[in-house]
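The values are calculated or read from the model by the stated rules, or taken from the named source; none is laboratory data. Computed from a predicted model, the values in this text were never measured in an experiment. Methodologically, a virtual Cβ is constructed for each residue, glycine included, from the backbone with ideal geometry; neighbour enumeration extends over all protein chains shown.
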Amino acid sequence: MSPWLPFEWIAATRFLREGRTQSLLIIVGVGVGVSVIVFMSALLSGLQSNLVKRTLSSQSHIVLLPPEEIARPLDGDKSGPLIQKQAQRLRSIDQWQNIRGRLEKMPEIAAVSPVASGPAFAVRGDANKSVSLIGIEPENYNRVIGLEERIVAGRLRLNAGEAVIGIELAKDLGATVGDKLRLNTGNGANDTLTITGLFDLGNKGVNARNVYVGLRSAQSLLDLVGGVSSIDLSLRDIYAAEGLALKIAAETGLQADSWIKTNAQFFTALTSQRISSNVIRFFIGLSVAFGIASVLVVSVVQRSKEIGILRAMGASRGQMLRTFLLQGGIVGLLGSLLGSALAWSFLAIWRMLALNPDGTPMFMISVEPGLIVIAAGGATLVGILAALMPARRAANLDPVVAIRG
Amino acid sequence: MAETPNNTVLRLNAIRKSYLSGESELEVLHGIDLTLERGEFAALIGPSGSGKSTLLNLIGLLDRPTAGQLFIDGEETSTLAESSITKLRGQRIGFVFQHHCLIPAFSALENVMMPLLVDRGRPDAAMRQRAAELWQREQADARWKQLIAELRQRTPVRIDESHYAPTRGSGEKPRAG
């Protein structure tokens, strides 16, 4: 009997030890429940971050565009019954340098990259392909998209007269690093560029469509001298994109599209997945709680005579209540530790089995220490809450009735 | 309301106890008056169902009377709160149950220590020493399960002694551990 432990702790651990088989079974039960929660959380979090990473591999978190041009009748002219929607021309963002300076000072924003982009035709020999011409400042754009890491041949060098294209476009045009490529834009401008690198952004459409050139080259080809058609932003918290987009739109008057809005269906799927996993977690938690509660209810019934003796000897209702609450908490805590260890093992097996054909893991999956702490805290809390009813029952036992059995 | 300290350890004044039996009320004790002096030995004798256990439960503060006054060491108990009753019961009253009433999850020595342990909240060396003295020649840390047959008659008395029992008229004053 440890001198520093209060009576409630001593009684709780002794009662658990005495009913060892019962305690062991419920701890294993809690462990299995917690392991499913931890395993499922780690798996879903790995899967979701992988999906988000893939989705955001070729797009920024927020894109700022010039506001749409709207045709308006002259003041007081009500003769026109119908106002036709105006065609949107390619134009620059007003005062984009000032806006860029303001954005760079915002703490939520990790990187700002001005972009001049527009449609063009890539011509090589008899082949020509419709492409997106994207003029960038490589250093800033890399912080938004990470293009340099995705160069699979050559390197990211975009001096005047140089371009980087996707692997699909290179295949379609039969071109490779060092070859020449001609770009024609809609306004009649054209330029012959040397391919300095090939990229693979993990998206076939993007790999077949995007052609990256230096910002100045694009400005010249698209007739946007000194201007940019959009500003791409990278955020520190990707899930804050929608709120921040609204804020920036209100402050700058620009159109701000977040990745959440652009990929609404994908984001809805992610949210649905998260909700369904939370529902599953809730029901597992509930079954764990009922398991703990039922074992403790049985324990209170089995120990009613002992509870009566302790009450006769002067143990207060509070002491009995705490003794049984502690039993619930201890079962929850030990079960969560066992569950975390089990989940760790399941994940190790998963990593061994879930491999790409080339032997690399399908996606990164890991158990964050925070997840184990949350699982332990959560299971302990569930244990205490589950023990509330049996503990109150123990505390309210009439000693006379309890001793009589 | 406390009485003037004297040699009286227990005083019952017109104690009544009734139970609800369906719609009607069944009175088991009909105005009991009893006084016990320190050191006095008393036996309660009566036929089965006459209310002996009910009266002992009231005296042991395990139950409350329906009417009347019950004084323990001069202290009137009917107005005391549940927590005070529990404390008074733990500190002043010892029980010798008809059947062995030990807690198997604890060792025999710990069972002897139990009244002091629940009163003080955590164990200490003095408490253990006091229990060990009472235990005397017995195997101190042996488990109840192993000693159950031998302990059946003796241990309940020892538990009682570990926490002095003035209402039984032992005459001992509370001694810490």
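Scan segment B:41-83 residue by residue and report those that are over 15 Å from the mean Cα position of the chain (by Cα), in contact (Cβ under 8 Å) with a residue 24 or more places away in the chain and surrounded by 13 or more Cβ atoms within 10 Å (Cβ to Cβ). Within segment B:41-83, B:Gly51, B:Pro65, B:Thr66, B:Ala67, B:Gly68, B:Gln69, B:Gly74, B:Glu75, B:Glu76 meet the criteria. The single condition from (1) within 18 Å of B:Gly121 (Cα to Cα); (2) assigned by TED's automatic domain parsing to the domain that holds B:Val28 that B:Ala105 fails is (2).
So if I check each of A:Glu168, A:Glu149, which one is touching a residue at least 24 places away in the same chain (Cβ under 8 Å) and either surrounded by fewer than 20 Cβ atoms within 10 Å (Cβ to Cβ) or in contact with an Asp or Glu (Cβ under 9 Å, 6 or more places away or on another chain) (or both)? Outline the logic, then answer.
Details: A:Glu149 fails: touching a residue at least 24 places away in the same chain (Cβ under 8 Å).
None of the other options fit; the residue is A:Glu168.
Restricting the search to strands (runs of 3 or more DSSP E) fully inside segment A:81-200 and requiring at least 2 residues that are over 25 Å from A:Leu224 (Cβ atoms) gives A:151-154.
I'd like the full set of residues that are in contact (Cβ under 8 Å) with a residue 40 or more places away in the chain and either surrounded by 14 or more Cβ atoms within 10 Å (Cβ to Cβ) or not acidic (Asp, Glu) (or both), limited to segment B:14-39. Hits for segment B:14-39 are B:Ala14, B:Ile15, B:Arg16, B:Lys17, B:Ser18, B:Leu36, B:Arg38, B:Gly39.
Of all residue pairs spaced 6 or more apart or on separate chains, those with beta-carbon atoms under 6 Å, a first member in segment A:88-107 that is acidic (Asp, Glu) and a second member that is not in a loop (DSSP other than H, G, I, E, B) are A:Glu104/A:Val112. B:Leu80 meets the conditions (1) within 19 Å of A:Pro399 (Cα to Cα); (2) of a type outside the set (Phe, Trp, Tyr); (3) touching a Gly at 6+ places or on another chain (Cβ under 8 Å) in every case but one. The failed one is (3). Scanning segment A:282-311 for residues that are within 14 Å of chain B (Cβ to nearest Cβ), of a type in the set (Gly, Ala, Ser) and crowded, with 21+ Cβ neighbours inside 10 Å yields a total of 2. Kindly establish whether A:Arg393 is of a type in the set (Lys, Arg), closer than 30 Å to A:Ser316 by Cβ and within 14 Å of chain B (Cβ to nearest Cβ). Answer is no for this residue. Per the conditions (1) surrounded by 15 or more Cβ atoms within 10 Å (Cβ to Cβ); (2) at pLDDT below 90; (3) at the interface with another protein chain (Cβ under 10 Å from one of its Cβ atoms), the sole criterion not satisfied by B:Thr8 is (3). Kindly establish whether A:Ser336 is in contact with a helix residue (DSSP H, G or I) (Cβ under 6 Å, 6 or more places away or on another chain), of a type in the set (Ser, Thr, Tyr) and within 14 Å of another protein chain (Cβ to nearest Cβ). No; evaluated as a whole, the condition is false for this residue.
I'm told A:Gly314 meets every condition in (1) free of Cβ contacts under 8 Å to residues at least 24 places away in the same chain; (2) within 30 Å of A:Gly332 (Cα to Cα); (3) among the small types (Gly, Ala, Ser); (4) away from chain B (no Cβ under 14 Å) except one. Can you identify the failing condition by its number? Evaluating A:Gly314 over (1) free of Cβ contacts under 8 Å to residues at least 24 places away in the same chain; (2) within 30 Å of A:Gly332 (Cα to Cα); (3) among the small types (Gly, Ala, Ser); (4) away from chain B (no Cβ under 14 Å) leaves (4) as the failure.
When A:Ile260 is tested against the conditions (1) under 30 Å from A:Arg17 (Cβ atoms); (2) crowded, with 19+ Cβ neighbours inside 10 Å; (3) of a type in the set (Val, Ile, Thr), the lone failure is (1).
Check A:Leu133, A:Leu173 and return the single one that is crowded, with 20+ Cβ neighbours inside 10 Å and in contact with a helix residue (DSSP H, G or I) (Cβ under 8 Å, 6 or more places away or on another chain).
Working: A:Leu173 fails: in contact with a helix residue (DSSP H, G or I) (Cβ under 8 Å, 6 or more places away or on another chain).
Selected residue: A:Leu133, the only one of A:Leu133, A:Leu173 that is crowded, with 20+ Cβ neighbours inside 10 Å and in contact with a helix residue (DSSP H, G or I) (Cβ under 8 Å, 6 or more places away or on another chain).
A residue that is over 21 Å from the mean Cα position of the chain (by Cα) and of a type outside the set (A, V, I, L, M, F, W, C) occurs nowhere in segment A:231-246. Does B:Glu82 qualify as being of a type in the set (Asp, Glu) and farther than 27 Å from B:Leu134 by Cβ? Considered against the rule, which asks whether it is of a type in the set (Asp, Glu) and farther than 27 Å from B:Leu134 by Cβ, B:Glu82 comes out as yes. Residues that are small (Gly, Ala, Ser) and in contact with an Asp or Glu (Cβ under 9 Å, 6 or more places away or on another chain) within segment A:254-263 comprise just one, A:Ser258.
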